[in-house]
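Here's the structure, in structure tokens; my notes come after.
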Amino acid sequence: MDFNNYFKEYPDINGYFGKYGGAFVNDELKNAMDEITKAYFKICKSRKFIDELRRIRKEFQGRPTPITHLERLSNSIGNVQLYVKREDLNHTGAHKLNHCMGEALLAKYMGKKKVIAETGAGQHGVALATAAAYFGLECDIYMGSVDIKKQAPNVARMKILGANVIEVKEGLATLKEAVDAAFAAYAKDYKDCIYCIGSVVGPHPFPMMVRDFQSVVGFEAREQFIEMTGELPDTVVACVGGGSNSAGFFAGFLNDPVEIVGIEPLGRGKKLGDHAASLNYGSEGVMHGFNSIMLKDENGDPAPVYSVASGLDYPSSGPEHAFWHDIGRVKYDVIDDKQALDAFFELSRKQGIIPAIESSHALAYAIKRAKELDHGSILVNLSGRGDKDMDYILENYGI
């Protein structure tokens, strides 16, 4: 497949990446999605919008984020050189602000007064609360009870930033239920607010918009790596839940002779309910307004999922990831809880970088792959820092 014109061709006018994507919503919400689509297409090529976003990224977010060579960790493994794209150094500590500032700027342009969102690990919630404070918007964040307990530092940050954190107690009380609740609230109030989805999921135009805003990560990384080493990396790796960090990261390398690998959470094992590896173990299905590959229960509904990483425990993945999976451009593999936690401590103790548990899944794969190869280079998207995970790690795993 020729990727030279990929971003002009995908998604199509109806929001499809091949057979995945679309907007499976009622007529009222469809009108809201159409309004957002028209507004986004009107301003995404606007010099004023682009200049403002670039200014925000440079002066407020601290972009570009650097690439760091993990020399000590690499040398302890063998001859393969490991590098990380430092999205943990992006303001608020993760990649999420890349699309939140874009979505909030769009909301401001559309005259909306409030932003609504879901969050799992809390990084999207913190990023959107930050964007709302920056632009003077009201902010409601829906978060499952389980994740509120696991991610207490991020809950505190959201509240300090002025967001209204709404606890979701239904079902497993994690990310899926938070999305359910946020969509329900948005349906009642869409005229005055905008739902700022936290990943490349949901009905069109969100998978496209979030990918576009996140692609700054991939294009920065590509340019930086060539400048640093004189060549492209052999492999690029990122974790995949819904898939925002990985979609943006991979976008920069689609047309290059580079191996691209997305890492899903295997959790406790392959049994349904013990993991959240939809692309590896799921099948085609519709949820939250989009068609993709998802994990299903015996009734064909979204199955219960689990991961030690709150930002990855979602029963589906973005439609573009499903498309890349089917055409074979991206390889999707799995890493379990133990492997991710081992990588978490490895990076912390050998390089002085404490990663998010989500990012640790990608790092764990890179370490595993490096041990199998004689030489080469692997670039990992370190999508966030581990501050949010400290209490949970200490309570459950000690030091």
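The values are calculated or read from the model by the stated rules, or taken from the named source; none is laboratory data. What you are looking at is a predicted structure, and each value in this text was computed from that prediction instead of being measured. Backbone-built Cβ (ideal geometry, glycine too); neighbour counts: all protein chains shown. For accessibility, only protein heavy atoms count, side chains too; no ligands or nucleic acids. Shrake-Rupley method; radii C 1.70, N 1.55, O 1.52, S 1.80 Å.
Before moving on, here are some points about what is shown:
- Tallying residues that are surrounded by fewer than 23 Cβ atoms within 10 Å (Cβ to Cβ) and of a type outside the set (Ser, Thr, Tyr) within region 190-204 yields 3.
- For region 339-351, filtered to residues that are closer than 14 Å to SER74 by Cα and of a type outside the set (A, V, I, L, M, F, W, C), the residue that is least open to solvent (accessible area, probe 1.4 Å) is SER348.
- Region 276-286, subset of a type in the set (Ser, Thr, Tyr) and outside any strand (DSSP E or B), residue nearest to the chain's Cα centre (by Cα): SER278
- Residue ID - least open to solvent (accessible area, probe 1.4 Å), chosen from residues in region 205-239 that are more than 22 Å from GLY384 (Cα to Cα) and not hydrophobic (A, V, I, L, M, F, W, C): PRO205
- In region 138-162, the residues that are farther than 18 Å from LYS388 by Cα and either aromatic (Phe, Trp, Tyr) or open to solvent by less than 20 Å² (accessible area, probe 1.4 Å) (or both): CYS139
- Of the residues ARG86, ARG63, ARG57, the single one that is open to solvent by less than 60 Å² (accessible area, probe 1.4 Å), over 20 Å from VAL380 (Cβ atoms) and modelled with pLDDT of 95 or more is ARG57.
- Counting only helices (runs of 4 or more DSSP H) that sit completely within region 169-261, those holding 2 or more residues that are in contact (Cβ under 8 Å) with a residue 40 or more places away in the chain and more than 24 Å from ARG63 (Cα to Cα) correspond to 175-189.
- Checked against (1) in contact with a Phe, Trp or Tyr (Cβ under 7 Å, 6 or more places away or on another chain); (2) open to solvent by 40 Å² or more (accessible area, probe 1.4 Å); (3) acidic (Asp, Glu), GLU320 meets all criteria but (2).
- Scanning region 1-50 for residues that are closer than 29 Å to GLY328 by Cβ, in a helix (DSSP H, G or I) and open to solvent by less than 70 Å² (accessible area, probe 1.4 Å) returns a single hit, TYR6.
- The set of residues in region 261-286 being open to solvent by 70 Å² or more (accessible area, probe 1.4 Å) and under 19 Å from VAL380 (Cβ atoms) is empty.
- Evaluation of HIS325 against the conditions (1) more than 28 Å from HIS288 (Cβ to Cβ); (2) open to solvent by 50 Å² or more (accessible area, probe 1.4 Å) shows that the sole unmet condition is (1).
- Boolean, LEU128 is over 21 Å from the mean Cα position of the chain (by Cα) and either open to solvent by less than 20 Å² (accessible area, probe 1.4 Å) or among the hydrophobic types (A, V, I, L, M, F, W, C) (or both): no
- Considering (1) open to solvent by less than 20 Å² (accessible area, probe 1.4 Å); (2) touching a helix residue (DSSP H, G or I) at 6+ places or on another chain (Cβ under 7 Å); (3) within 21 Å of GLY241 (Cα to Cα), the lone condition that VAL179 does not fulfil carries the number (2).
- Members of region 157-176 that are at pLDDT below 95 and hydrophobic (A, V, I, L, M, F, W, C): LEU172, ALA173, LEU175
- Checklist (1) under 29 Å from ASP189 (Cβ atoms); (2) out of contact with any Cys (no Cβ under 8 Å at 6 or more places or on another chain); (3) modelled with pLDDT of 95 or more applied to MET33, failing item: (3)
- Candidate set: region 287-305, residues that are in a strand (DSSP E or B) and out of contact with any helix residue (DSSP H, G or I) (no Cβ under 7 Å at 6 or more places or on another chain); chosen: the one surrounded by the most Cβ atoms within 10 Å (Cβ to Cβ): MET287
- Residues of region 1-25 satisfying the condition of being under 19 Å from VAL286 (Cβ atoms) and without any contact (Cβ under 8 Å) to a residue 24 or more places away in the chain: ASP12
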